[in-house]
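Single-structure report; data block below.
The values are calculated or read from the model by the stated rules, or taken from the named source; none is laboratory data. As the structure is a computational prediction, the values presented were derived from the model and not from experiment. Heads up, the Cβs are rebuilt from the backbone with ideal geometry, glycines too, and the neighbour counts pull from every protein chain shown. Note: accessible area is taken over every heavy atom of the protein model, side chains too, but ligands, DNA and RNA are not part of it. Shrake-Rupley method; radii C 1.70, N 1.55, O 1.52, S 1.80 Å.
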Amino acid sequence: MIEKFGYGLKIPILKLLENKNADLKKIADFIYDNIFYGYTLKQWGLKPDELDFSVTSRVPVFISHDNRYFQDNYQGIPLKGYTELFNNILNNKNIDISLDTDYKSNSSSIKFNKLIYTGPIDEFFDYNYGKLPYRSLQFDFKTIKKEWFQEVAQVNYPNAKEYTRITEFKHFLNHNSDVTTVAYEYPQAYIPGKNEPYYPIQNELNNELYNKYKIEIDKLKNTYFVGRLAEYKYYNMDQIVGVALMKFEKDIAK
Ligand SMILES: Cc1cc2nc3c(=O)[nH]c(=O)nc-3n(C[C@H](O)[C@H](O)[C@H](O)COP(=O)(O)OP(=O)(O)OC[C@H]3O[C@@H](n4cnc5c(N)ncnc54)[C@H](O)[C@@H]3O)c2cc1C
């Protein structure tokens, strides 16, 4: 692998599978069969080749001894946690919050000069061109009376079990406590009104449908669509924060 691709390279599994070298193909088949195939089927309800390449290539095969999930130079979480971070942002006098307030059910009474919409795009346009599928999750939290449950923060289950992963949050901030809380994640289809939409399911068919809504977006003035649900695009946290700041400076604040 190192000879062929070089140390430190990341290769999407579907690219690795195309390899002609018999030994490399054997490794690629093994990784695909034992990790990618089952995990993708569980997470997305689709086979890897039924998803957009941008989604399947998000978790590439990494030829390295570096076992971290991300390799960014600077990685961290807020010193006092995300709750404190958001509390501080939301304390700004220019921000009012209405919780449990669905945009669609209240749109006629909302007055605005500029609107930034972060909900599902198809819902905004009353499903005019049809429903866009989103993937949802059910979280099952368990508090266990022992100091640690697993050795690391996250353990993935590509094939066995119905859940995709177990996360033990204590590892992130090295909390000291006699008990520990873990979350089991069960992927499921998004059903409006029943659960939360978390992930757009990007593939050719769905992207085509999204593009029809995109044409409607471009006709609107002073309304901006930002985020995973509104742009039907897979963003990580750092990416969406970057996009939000960039859109604000470029389009919204001007
Ligand atoms: C289980 C899970 C784990 C993740 N782990 C990581 C990770 O480790 N690292 C990482 O970088 N990223 C991670 N992410 C991704 C991260 O959560 C997203 O990148 C980020 O939340 C995207 O921000 P957003 O603004 O696009 O969407 P969201 O955070 O989903 O914000 C959309 C907002 O719109 C609101 N909304 C939706 N519909 C309506 C409506 N009709 N009316 C009113 N309000 C509405 C929602 O309530 C929500 O507050 C994870 C995501 C999930 C689901």
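Quick notes on this structure:
- Remark: region 67-83, residue by residue, has Karplus-estimated 3J(HN,Hα) of 9, 6, 5, 10, 10, 4, 4, 10, 9, x, 10, x, 3, 9, x, 6, 4 Hz, where x stands for each Gly or Pro and the curve is 6.51 cos²θ - 1.76 cosθ + 1.60 at θ = phi - 60°.
- Residue-by-residue Karplus 3J(HN,Hα) for region 45-53, coefficients 6.51, -1.76, 1.60, Hz, glycine and proline x: x, 9, 6, x, 7, 9, 10, 4, 4
- Treating r as the C-beta distance of Asn87 and Leu46 and R0 as 30 Å, the FRET efficiency rounds to 0.20.
- Shape summary of region 133-223, radius of gyration then Dmax from alpha carbon positions: 18.9, 57 Å.
- Charge dipole magnitude, Cβ of K and R +1, D and E -1 - region 80-124, Cα centre, debye nearest 20: 280
- Which listed pairs, of Lys142/Lys247; Lys93/Lys254; Lys80/Lys221; Lys161/Lys233, have C-alpha distances above 32 Å, in listed order: Lys142/Lys247; Lys80/Lys221
- Positive dipole terminus of the chain, leading residue within Ala28, Pro120, Leu46 (C-beta point charges): Pro120
- Global dimensions of the chain from alpha-carbon coordinates: Rg and Dmax equal 21.1, 64 Å.
- From most to least packed by mean Cβ count within 10 Å, the peptides 149-162, 86-99, 229-242 give 229-242, 149-162, 86-99.
- Carbon + sulfur, % of accessible area of the chain - ligands and nucleic acids excluded, 1.4 Å: 53
- Computed from backbone phi with θ = phi - 60° and the Karplus coefficients 6.51, -1.76 and 1.60, the 3J(HN,Hα) list for region 4-11 is 7, 10, x, 6, x, 8, 10, 10 Hz; x is used for glycine and proline.
- Relative contact order of the chain, pairs being alpha-carbon contacts under 8 Å that are 6 or more residues apart, as %: 21
- Full extension of the chain between Ile31 and Leu9 gives 6.3 nm of extra length, using 0.36 nm per residue less the Cα-Cα distance.
- Remark on Tyr134: its backbone amide H falls under 5 Å from those of Tyr190, a criterion applied only to residues 5 or more positions apart or on other chains, H modelled at 1.01 Å from N.
- Compared with the direct C-alpha span, the chain from Lys214 to Asn156 gains 17.4 nm at full extension, assuming 0.36 nm per residue.
- Region 171-246 and region 40-73 have Cα centres spaced 17 Å apart.
- Net charge of the neighbourhood of Tyr184, taken over other residues with C-beta under 12 Å away and scored Lys/Arg +1, Asp/Glu -1, is -1.
- Two-site FRET efficiency, Phe139 against Phe70, from Cβ-Cβ distance with R₀ of 22 Å, rounded to 0.05: 0.50
- Size of charge dipole - region 2-62 - debye, nearest 20, with Cβ of Lys, Arg +1 and Asp, Glu -1, no other charges: 120
- Net dipole in debye of the chain [+1 Lys, Arg Cβ; -1 Asp, Glu Cβ; about Cα centre; nearest 20]: 320
- Ranking His65, His171 from most to least accessible surface, computed with a 1.4 Å probe over the protein chains only, gives His65, His171.
- Highest mean first, the peptides 190-200, 9-19 sorted by other C-beta atoms within 10 Å per residue fall in the order 9-19, 190-200.
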